[in-house]
Amino acid sequence: MKAGLRKWLWAPVACLSLWPVTGFAQSPARSQDTSQNSSQNLSQNLEACQAGREACDQSKLTATQAAAVALAAHGRDVANCRNGFASCDRSKLSAPEATALAIADHQRNVSDCNDGISSCDPAKLTPAEARDSSAAERLRNIADCKRGAGSCDHSKLSAAEAGAVDNARAKLNATDCKNNTGVCNPAQLSSSETKDVAAAEHQRNTQNCENGWDECNHSQLTPAEAKQTAYSEQQRNLAACKDGQETCDYTKLTAAEGKTLANAEHQRNYAACLKGYGYCDTSRLTVDEARSIQPKGH
């Protein structure tokens with residue numbers, strides 16, 4: 001009786017003793033998944049901190065990671081200051097970095113002043129730099145006046161500079177008139193320049209007519225030029241007819257050209273009918289040609 005009771009009492013104990021073993025058997029896989037997720041989250045957080053994003057949680061960083069993140073943030077601040085961004089915090093710069101920034105800012109201002117950029121602050125230039133900037137501005141004004149730019153200020157030109165500008169403008173005007181570009185003022189041309197411009201205009205008109213371009217004035221052609229233009233027009237029309245282009249004017253073909261085109265078209269039509277490729281008009285075939293394309297056995 002005691003033995004049976006002892007056996008009955010030990011059965012639940014045995015089951016309870018086995019339960020933790022079963023539970024612990026599954027824990028390593030769960031622990032591994034949890035560890036991987038945690039590692040991934042920490043890696044993403046480190047990346048966000050290094051990039052300076054709002055998702056960064058500084059409390060999850062190790063001491064080494066926090067130091068690396070702080071170094072990256074400092075580097076961004078240095079870059080922002082060098083680029084003149086509003087996010088620059090000069091108070092975070094070291095003494096050498098602040099000095100390097102001041103040098104870069106000064107050089108950028110010097111460059112802006114020399115190039116005539118609106119961000120230039122003349123008050124920050126040294127006397128020597130101010131003289132160089134004034135010289136650069138004077139040269140820019142001379143160049144603007146020579147090319148007729150609206151920014152030209154004639155009042156700032158010396159007598160010699162004004163003379164040089166007038167000569168440059170006269171040459172530019174002659175070039176514009178000769179090339180039919182820019183703003184040409186024929187009234188400012190010399191007699192020799194007027195002749196050159198007229199010759200250039202005649203040459204352009206001849207080329208336009210010969211090439212079939214717009215702005216051709218046949219009345220300005222010499223007899224020889226008119227003959228050459230007519231020949232070129234005839235050749236272009238013949239080529240268009242040979243290619244079957246819509247610009248072809250069959251009425252302008254000579255008898256010989258018409259015959260040559262007719263023969264060529266007849267051969268093309270026969271070849272298309274014979275080979276079974278391309279447009280074929282059997283009504284235009286001769287009796288012998290029609291017989292030759294009939295299937296064998298007919």
If the convex hull is drawn through the Cα atoms of the range 119-249, its volume per residue in Å³ = 189
query = Given a Förster radius of 51 Å and the C-beta distance between ALA79 and SER158 as r, what FRET efficiency does 1/(1 + (r/R0)^6) yield to the nearest 0.05?
reply = 0.65
note = About its Cα centre, the chain carries a charge dipole, from +1 on Lys and Arg Cβ atoms and -1 on Asp and Glu Cβ atoms, whose size in debye to the nearest 20 is 1900
task = Answer with one residue from SER192, CYS177, SER119: the one whose Cα lies farthest towards the positive end of the charge dipole of the range 115-272, charges on Cβ with Lys, Arg +1 and Asp, Glu -1.
result = SER192
note = So the angle from the long Cα axis of helix 191-210 to the longest Cα principal axis of the chain, reported in degrees to the nearest 10, equals 80
ask   = What is the extension gain from ASN185 to ASN211, computed as 0.36 nm multiplied by their sequence separation minus the C-alpha to C-alpha distance, in nm to one decimal?
value = 6.5 nm
remark   = Between the Cα axis of helix 223-242 and the main Cα principal axis of the chain, the angle (0 to 90°, nearest 10) is 50
key: Calculated log₁₀ intensity ratio I(q)/I(0) where the Debye formula runs over C-alpha points of the range 190-253, q = 0.22, 0.27, 0.28 Å⁻¹   = -0.89, -1.08, -1.11
inquiry  = Below 13 angstrom from the Cβ of LYS178, what's the summed charge of the other residues (Lys, Arg +1; Asp, Glu -1)?
reply    = -1
ask   = Which ordering of HIS218, HIS202 is given by a fewest-first count of other beta-carbon atoms within 10 Å?
value = HIS218, HIS202
query = Among VAL287, VAL165, which comes first, then next, by fewest other beta-carbon atoms within 10 Å?
reply = VAL287, VAL165
Spin-label model distance (nm) - HIS218 vs ALA70, 7 Å beyond Cα toward Cβ = 9.0
task = Quick one: dipole size for the range 190-253, taken about the Cα centre, charges +1 on Lys/Arg Cβ and -1 on Asp/Glu Cβ, in debye to the nearest 20.
result = 260
task = Set the Förster radius R0 to 25 Å, insert the Cβ-Cβ distance between SER87 and SER111 as r into 1/(1 + (r/R0)^6), and round the FRET efficiency to 0.05.
result = 0.60
remark   = At the level of C-alpha centres, the distance separating the range 88-159 and the range 167-187, in angstrom, is 33
task = Might you report the magnitude of the Cβ-based charge dipole of the range 44-165 about its Cα centre, with Lys and Arg at +1 and Asp and Glu at -1, to the nearest 20 debye?
result = 100
message = Past the 16 angstrom mark, what percentage of all C-alpha to C-alpha distances in the range 53-104 do you count?
response = 47
query = Which order do THR222, THR229 fall in if you start with the one that has the fewest other Cβ atoms within 10 Å?
reply = THR222, THR229
Max mean-square fluctuation residue, GNM over the chain, Cα-Cα springs under 10 Å, options ALA130, ALA256, ALA79 = ALA256
Positive-end residue, the chain charge dipole about Cα centroid, Cβ charges, pick of CYS81, ASN45, ASN141 = ASN45
inquiry  = Angle check, please: helix 127-146 long axis (alpha carbons) against the longest principal axis of the chain (alpha carbons), in degrees 0 to 90, nearest 10.
reply    = 30
ask   = Mind checking which of ALA174, ALA136, ALA102 has the largest fluctuation in a GNM of the chain, springs on alpha carbons under 10 Å?
value = ALA102
query = How much length is gained if the chain between GLN267 and SER232 is pulled fully straight, taking 0.36 nm per residue apart and subtracting their Cα-Cα distance, in nm to one decimal?
reply = 9.9 nm
query = Residues with beta-carbon under 13 Å from that of ARG90, excluding ARG90: net charge, scoring Lys, Arg +1 and Asp, Glu -1?
reply = -2
note = Projected onto the charge dipole of the range 190-253 (unit charges on the beta-carbon of Lys, Arg, Asp and Glu, signs +1, +1, -1, -1), the Cα from ALA240, ASN208, HIS218 with the largest positive-side position is that of ALA240
note = Against the 2.2 N^0.38 Å rule of thumb, the C-alpha Rg of the chain sits at a ratio of 2.39
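Values in this text are rule-based calculations from the coordinates and carry no lab data. Computed from a predicted model, the values in this text were never measured in an experiment. All Cβ positions, even for glycine, are placed from backbone atoms using ideal geometry, and neighbour counts span all protein chains on display.
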